[in-house]
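Scroll down for the structure; my scribbles are underneath it.
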Amino acid sequence: ADDVTLQLKWVTQAQFAGYYVAKDKGFYEEEDLNVEIKPGGPDTAPVQVLVGGGADVMVDWLPSALAAREKGAPVVNIAQPFARSGLTMVCRKETGIEKPEDFKGKTLGTWFFGNEYPLYNWLSKLGLPRDGSENGVTIQKIGFNVDPLLQKQADCITAMTYNEYWQVIDAGLSEDDIVVFNYTDEGVATLEDGLYVLEDRLQDPEFVDTMARFVKASMKGWMWAKDNPEDAAMIVLDNDATGAQTEKHQTRMMGEIAKLLGENATLDEAAYKQTVDTLLQGGSDPVITKEPEGAFTHEVSKKAM
Amino acid sequence: MRQEASSPQTSQPVVQAKGLGLTFETNDGPVRALADVDLTINKGEFVSFIGPSGCGKTTFLRVIADLEQPTAGEILVNGMTPEEARRKRAYGYVFQAAGLFPWRTIEQNVALPLEIMGYSKAEQKERVHRTLDLVNLAGFEKKFPWQLSGGMQQRASIARALAFDADLLLMDEPFGALDEIVRDHLNEQLLDLWARTGKTIGFVTHSIPEAVYLSTRIIVMSPRPGRVTDVIDSPLPKERPLDIRETPEFLEIAHRVREGLRAGHGDD
Amino acid sequence: MRQEASSPQTSQPVVQAKGLGLTFETNDGPVRALADVDLTINKGEFVSFIGPSGCGKTTFLRVIADLEQPTAGEILVNGMTPEEARRKRAYGYVFQAAGLFPWRTIEQNVALPLEIMGYSKAEQKERVHRTLDLVNLAGFEKKFPWQLSGGMQQRASIARALAFDADLLLMDEPFGALDEIVRDHLNEQLLDLWARTGKTIGFVTHSIPEAVYLSTRIIVMSPRPGRVTDVIDSPLPKERPLDIRETPEFLEIAHRVREGLRAGHGDD
Amino acid sequence: MNWALTGALLFWAAAWALNEWLARLNPRSASAKRALGLLIPAIFGITLLVVWEGLVHGFNISPVLLTPPSAIWARITSSLPTLWADFQQTFLKAVLIGYAIGCGAGFLTAIAIDRSPFLQRGLLPLGNFVSALPIIGVAPIMVMWFGFDWPSKAAVVIIMTFFPMLVNTVQGLSASSAIDRDLMRTYASSYWQALFKLRLPAAAPFIFNALKINSTLALIGAIVAEFFGTPIVGMGFRISTEVGRMNIDMVWAEIAMAALAGSLFYGAVALLERAVTFWHPSMRSG
Amino acid sequence: MTAATDTAPISSTTPLLRRAVEGKALPILIVLGVILLIWYAFTVYLNAPWQIDAYERAGTEWTAADLVRDTMAQERPVLPSPHQVMAEIWKTTVGTRLTSKRNLFYHAWITLSSTLLGFVIGTALGVLLAVGIVHNRAMDKSVMPWVIASQTIPILAVAPMIIVVLNAIGLSGLLPKALISTYLSFFPVVVGMVKGFRSPEAFQLDLMRTYNASGTQTFWKLRWPAALPYLFTSMKVAVAISLVGAIVGELPTGAVSGLGARLLAGSYYGQTVQIWSALFMAAALAAILVGVVGIGQRMVMARMGEKP
Ligand SMILES: Nc1ncnc2c1ncn2[C@@H]1O[C@H](COP(=O)(O)OP(=O)(O)OP(=O)(O)O)[C@@H](O)[C@H]1O
Ligand SMILES: Nc1ncnc2c1ncn2[C@@H]1O[C@H](COP(=O)(O)OP(=O)(O)OP(=O)(O)O)[C@@H](O)[C@H]1O
Ligand SMILES: Cc1ncc(C[n+]2csc(CCO)c2C)c(N)n1
Ligand SMILES: [Mg+2]
Ligand SMILES: [Mg+2]
């Protein structure tokens, strides 16, 4: 069997259910693969792990992959299981925000790590400076939780549809207490969880073949997870070594994730183009300065079908 | 007050020990440092303690000073417990080892008790100057302890104890590290101070002539367990020129002390 | 070898100082601790140093022992630089302060140089036992330093220096904290050891009788700057019973030393 | 082929030899001594940088993993305003204030513990408890309590610096010798007099240990705390953000700043130590 | 009324009461009680705004008693009440299979093992460096400034790189995490031991010189015993920091298990009570470790004849 190490972008949760299902249900084995899944976290830059030789393939968001590519880490997208973005901005209704233009004078909490770029792009589209002035917005870097919204330290915070949004709800705020802005609706969405490898390794046909089988089995896992959300959530729970996840939350997350999945693993070039455009604008300091080349390939995903 | 005190014959007791005993518990068994010590020191007396090394002289002084707790018998200082007396700053103590603070210059070391007892800055300066002069350390005020010779450190520590006015002076081999000439000089100075101020003095020494020259009473001790074996009252007059040491009375007392000491040494 | 060495009259020089000077730099100016010291100590001699406190006795011993670097003149020990001599473990040193290691028991303290010099366990034990006996500390082997009286600590540090065989013994006021009886006893022991082994001994003391009783030569020093003011050869025979101290020759030398000392004190 | 690598290694060997030689020099003049004291670590540091540069080029290490010192230097010179703003936010506010309060609190607690046997038995074990409140657990809580700006970082610094000071002061207060304490007893000195005139001076070497350790801990604490929520300025903020953007050179520029600031801070404490505990054997022997 | 009889009245009280007064139990309990009281007060104070908000959104009437009760039972409190934390700890330790990933002891053990490994390596490294610095002038002059500089590097920033590099050379599992602990814990040991090794008095060093003792002999017979008080103090600080390091080290390794992972997970999913129970477990571990070092200190010092 061929060994494959997969580096995730975040901790074990239903966001990565497809891979865990594929491993658990033996889909990888069927393809003669021996896959090890390494969870990530706020402190793992998957690109570094990939470049350092700690993994063969990683899950990452397109913005940070493109940034890395421009900085000299030649990563290439080989498949894009997530067709849609789950990124939102959640605001408290009592702040009086009803539409994006109302951000003026408010405090917005966002994650960084590349997540700030779509927001910056959006704000510059709205013509709001990020200088904390009366006519602009104050940006705060927040941790990966929703406390700043609950404690009223921020008027709006970044949230994923599949995770943080539900935490806000669980905390006792009802849907009537909040306003949700979807990045897709605002036309500033970027492509999220895709699979990436190092460019030079694609020279090796054997590696391409291994990856094709990996993508194939992974998509099979995703489809299974989509059809069996409860079981998939349980598989994720089994693989969570922290023992901190709850069944209720993971099941719900699986349901939301399912809405983001595409039909197949092929990267949609239109969506790619939109991400690139978004990043090239990005306010005063764009994430990438020039149109990337060769940042994706259909070779693997085609073979996987 | 001083005038009154300057009559040493008044029999007001300063230290009263009765059946005093002290046993140290150590890792290999108890050590009886003092046993059955009965002793009264009256106001204005100059009492010397002499005895073989390890016989409990230091320990006895420490008990008076409330630095050690007796395990038997009782002791009163100025009619109070040693602790109360200590709190009243009844005494000055010169330790066997100099024990100067390395972060203080010599003058700062001598000023230490004065600072603690709240003397004014001017008075501190005056007293430090005077006592350093007394022990021949003028000119070394700004030196740190490690820059002085052994004997000079010892003298600095004497100065420190003399700098303030305590009616009771406890001195543990203060002149051990000094040469004969300086020692004679300081002996004279001490006698003078004693006569002038009427202080009561408890004085540990290993020198028989020194003990006889200085004291109104000499306590001879013997070890294991430490006890008082002889108490010799000195008939010498209060006025004592240095050459009193050649008189027959003096030599007679010295002889008695030496005999007492030798007896105490026993098997050694 | 010992037989040969036991003739102290052989004029093989052990210490040769020529124009030796040492100035300490301190925070308030230089201190001249030694100036123009010319001195030769021959093999088998017993040389005492006497002088007022602070005259440089300790400093001179420390220069011999390579613990202080002279700033003028030169000095040879056994024909070598002090450093070479030290590396050859040419001497044993008794410091003015006992300086026992607080974390070692008395026997471990005495065994320290033996461990370092690589004596066998059995020999260590034997020597520790013997030297502790010599200084009357048998029975205190397992005690820690703070559990001993001042004099006992001093004796332990003497035992430590005597435990190993060095041809040159440097002793800085070793008997300062001891009473007369013990001191007499140790004086006898030391003379006996010296006669038996033919060691060369450099000895600092403040006691004139002690200096005269022990030495073949007495060096009188005076302070500021420390210099040698008198060198007195003793005509006393090698065999010295304690009562030699009452003989006229003895008193005559003692008188000379006292005069020299007094002169050195100058203005004091 | 790997000329960069061999060159670096050769440089290293030469510098090492030079330093050994320099260290053996024993110049008489004080200024020459001081110059030597700066020259030797400088040579050592330059060697490290050269070896680093050589390794990066020699092994062809990807710039997203490690950037060579030359690139870092270029970045520093081109981003001075940003670096300065970050430095102000993190060092001048969070670190200094947190350090002062944390060390002060540890010190005062140690005194309280020393003063009262009751507290000694009750508070010291609980002091140990605080010792390892892990920064990543505490930092989010502090953000929750004290907000995004520097006060929450200062709070983290306080917690981190508290324990080393507590432990060292408690140990230091028992460092004075028995005979010296006896001396103070004979003067019937009050607790505070004995404390100020004897026990604190004797404890100073230990207290300075804590001040030194804390000088670097405070910096780490403040920087790491910024990972968990901050306004968009600060050294920790920059580091975590630029890692995400794969601007590793900027990360190292901040790290270099932190190292410089921390070393100067430590050096200042060490100078103070030299002035205050000049009498301690460790200072006298040089 | 002499000093000797002074102590009599105390010893006549009942032994039990006396032991309670003089022992550790009572003081700790009292101090603990005070802290709990303050904690409860803060629980109410900090959680009240949210609770009042919730009442208003629901439009319910409320009294002070309601407020106190409800602030202590929130699901995502700003500050959980002590009994909530205790209940959570109980549930996740005693109430769960010991081998389960949900058991807090399991995570504590993971963290403890890398703490101890890192601490041991860190102490050894610290002592070795201090030995080098004290004995070699070149090292003293050149290494120390860079040791200091190394400590100013924010560990969380370089930890991922370290882990990646170590992974690349085939090191994974316990050791990389332990090395983060080492990195943090060796520093207090270096600082303390450099001071400790230099703390012997001049005359003690002189004595060794007169014996022409070799550097090694001077080290083992003088410098080392003289430095022991410094060693233990440093080790107390080091073991505590080592634990912090172990927790920090868990993050870049994917935070899969250990107290650090629990802390993070708790924070990502807004489970305040879980954060606090992990915090508590970490603090308890630290207290135990520091206590153990303290016991070692007392034993060694007693053997070295320290005056009680
Ligand atoms: N802290 C202690 N613990 C145990 N034993 C002690 C302690 N202090 C003194 N001793 C013992 O008590 C005895 C008396 O000691 P003390 O110091 O009183 O003697 P001393 O008469 O002053 O002797 P010296 O003239 O040598 O100073 C000695 O045997 C000594 O070993
Ligand atoms: N480390 C030092 N730094 C500065 N001055 C010093 C130092 N050591 C000694 N001195 C000075 O050198 C002089 C000689 O000191 P030394 O210790 O040799 O005297 P000594 O003859 O042994 O006196 P004593 O009989 O009191 O021990 C003294 O004035 C002393 O102040
Ligand atoms: C390195 C890195 N960490 C976190 C995120 C943001 N993010 C992406 S998925 C996810 C989990 C949501 O429940 C979060 C927080 C990121 N983009 N990159
Ligand atoms: Mg004594
Ligand atoms: Mg001397």
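Here are the numbers:
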quantity	calculated
Strands (runs of 3 or more DSSP E) completely within segment B:157-238 that count 2 or more residues being more than 16 Å from ligand 4 (Cβ to nearest atom) and open to solvent by less than 10 Å² (accessible area, probe 1.4 Å)	B:168-172, B:200-204
From the options A:Thr184, A:Thr190, A:Thr161, residue that is of a type outside the set (Phe, Trp, Tyr) and touching an Asp or Glu at 6+ places or on another chain (Cβ under 6 Å)	A:Thr161
Selection from segment C:20-57 of residues that are of a type in the set (D, E, K, R) and touching a residue at least 24 places away in the same chain (Cβ under 8 Å)	C:Arg32, C:Asp36, C:Asp38, C:Lys43, C:Glu45, C:Lys57
Matching residues in segment A:121-166 - criterion: being of a type in the set (D, E, K, R), within 11 Å of chain D (Cβ to nearest Cβ) and crowded, with 22+ Cβ neighbours inside 10 Å	A:Lys141, A:Asp147
Qualifying residue in segment D:59-70 (condition: more than 14 Å from chain E (Cβ to nearest Cβ) and surrounded by fewer than 18 Cβ atoms within 10 Å (Cβ to Cβ))	yes
Search result, residues across segment D:235-286 that are under 16 Å from D:Trp84 (Cβ atoms), open to solvent by 20 Å² or more (accessible area, probe 1.4 Å) and in contact (Cβ under 8 Å) with a residue 40 or more places away in the chain	D:Arg238, D:Ala256, D:Met257
Boolean, B:Ile50 is of a type in the set (Val, Ile, Thr) and away from ligand 4 (no atom under 16 Å from the Cβ)	no
Filtered residues of segment B:101-124 (kept if in contact (Cβ under 8 Å) with a residue 12 or more places away in the chain and either surrounded by fewer than 17 Cβ atoms within 10 Å (Cβ to Cβ) or more than 9 Å from every other protein chain (Cβ to nearest Cβ) (or both))	B:Ile106, B:Glu107, B:Asn109, B:Val110, B:Ala111, B:Leu114, B:Tyr119, B:Gln124
Wholly enclosed strands (runs of 3 or more DSSP E) of segment A:6-114 bearing at least 2 residues of a type in the set (D, E, K, R) and touching a residue at least 24 places away in the same chain (Cβ under 8 Å)	A:33-38
All positions within segment C:82-100 that are over 27 Å from B:Glu173 (Cβ atoms) and either open to solvent by 10 Å² or more (accessible area, probe 1.4 Å) or aliphatic (A, V, I, L, M) (or both)	C:Pro82, C:Glu83, C:Glu84, C:Ala85, C:Arg86, C:Arg87, C:Lys88, C:Arg89, C:Ala90
Filter result for the condition that a residue is at negative phi, hydroxyl-bearing (Ser, Thr, Tyr) and not in a helix (DSSP H, G or I), over D:Ser176, D:Ser152	D:Ser176
Elements of type helices (runs of 4 or more DSSP H) in segment D:212-286, at least 1 residues being within 18 Å of the chain's Cα centre (by Cα)	D:235-244, D:248-276
Out of B:Leu76, B:Leu67, sole residue that is within 14 Å of chain C (Cβ to nearest Cβ) and open to solvent by 10 Å² or more (accessible area, probe 1.4 Å)	B:Leu67
Some residue of segment A:37-57 being of a type in the set (A, V, I, L, M, F, W, C), in contact with a Phe, Trp or Tyr (Cβ under 8 Å, 6 or more places away or on another chain), more than 30 Å from E:Gly266 (Cα to Cα) and surrounded by fewer than 24 Cβ atoms within 10 Å (Cβ to Cβ)	no
Qualifying residue in segment E:230-249 (condition: part of a helix (DSSP H, G or I), crowded, with 24+ Cβ neighbours inside 10 Å, facing chain D (nearest Cβ under 8 Å) and over 15 Å from the mean Cα position of the chain (by Cα))	yes
Subset of segment B:177-193 (residues that are over 19 Å from B:Arg245 (Cβ atoms) and within 13 Å of chain C (Cβ to nearest Cβ))	B:Ala177
E:Tyr55 modelled with pLDDT of 70 or more, within 25 Å of the chain's Cα centre (by Cα) and outside any loop (DSSP other than H, G, I, E, B)	no
Residue within segment D:200-207 that is farther than 26 Å from D:Pro281 by Cβ and either open to solvent by less than 10 Å² (accessible area, probe 1.4 Å) or without any contact (Cβ under 8 Å) to a residue 24 or more places away in the chain (or both) present	no
Members of segment B:18-51 found to be under 26 Å from B:Lys238 (Cα atoms) and in a strand (DSSP E or B), listed by number	B:Asp38, B:Leu39, B:Thr40, B:Ile41, B:Asn42, B:Phe46, B:Val47, B:Ser48, B:Phe49, B:Ile50
Residue ranges of helices (runs of 4 or more DSSP H) in segment A:154-239 with at least 1 members of a type in the set (A, V, I, L, M) and within 16 Å of ligand 5 (Cβ to nearest atom)	none
Pairs with Cβ under 8 Å, 6+ apart, first in segment B:3-19 and at pLDDT 75 or above, second basic (Lys, Arg) and open to solvent by less than 100 Å² (accessible area, probe 1.4 Å)	B:Gln12/B:Lys43; B:Pro13/B:Lys43; B:Val14/B:Lys43
Residue match in segment D:250-264 (condition: on the phi < 0 side of the Ramachandran plot and more than 10 Å from chain E (Cβ to nearest Cβ))	yes
Residue list for segment E:37-63, filter: of a type outside the set (S, T, N, Q) and open to solvent by 70 Å² or more (accessible area, probe 1.4 Å)	E:Leu37, E:Ile38, E:Phe42, E:Tyr45, E:Pro49, E:Glu56, E:Arg57, E:Ala58, E:Glu61, E:Trp62
C:Phe101 vs. criteria closer than 29 Å to B:Phe60 by Cα, part of a loop (DSSP other than H, G, I, E, B), away from ligand 1 (no atom under 16 Å from the Cβ) and not aliphatic (A, V, I, L, M)	yes
Residues of segment D:222-236 satisfying the condition of being of a type outside the set (Asp, Glu) and within 13 Å of D:Lys93 (Cβ to Cβ)	D:Ala222, D:Ile223, D:Ala225, D:Thr230, D:Pro231, D:Val233, D:Gly234, D:Met235, D:Gly236
Residue check, E:Ser181 crowded, with 24+ Cβ neighbours inside 10 Å, polar (S, T, N, Q), within 30 Å of E:Arg262 (Cβ to Cβ) and facing chain D (nearest Cβ under 8 Å)	no
Filtered residues of segment D:143-183 (kept if within 14 Å of chain B (Cβ to nearest Cβ), surrounded by 22 or more Cβ atoms within 10 Å (Cβ to Cβ) and modelled with pLDDT under 85)	D:Leu183
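The values are calculated or read from the model by the stated rules, or taken from the named source; none is laboratory data. Note that the structure is a prediction, hence the values are computed from the model and not measured. Quick reminder, even Gly has a Cβ in these numbers, built from the backbone with ideal geometry, and neighbours come from all protein chains shown. When the accessible area is computed, the model is the full protein with side chains, heavy atoms only, and any ligands, DNA or RNA have been set aside. Shrake-Rupley method; radii C 1.70, N 1.55, O 1.52, S 1.80 Å.
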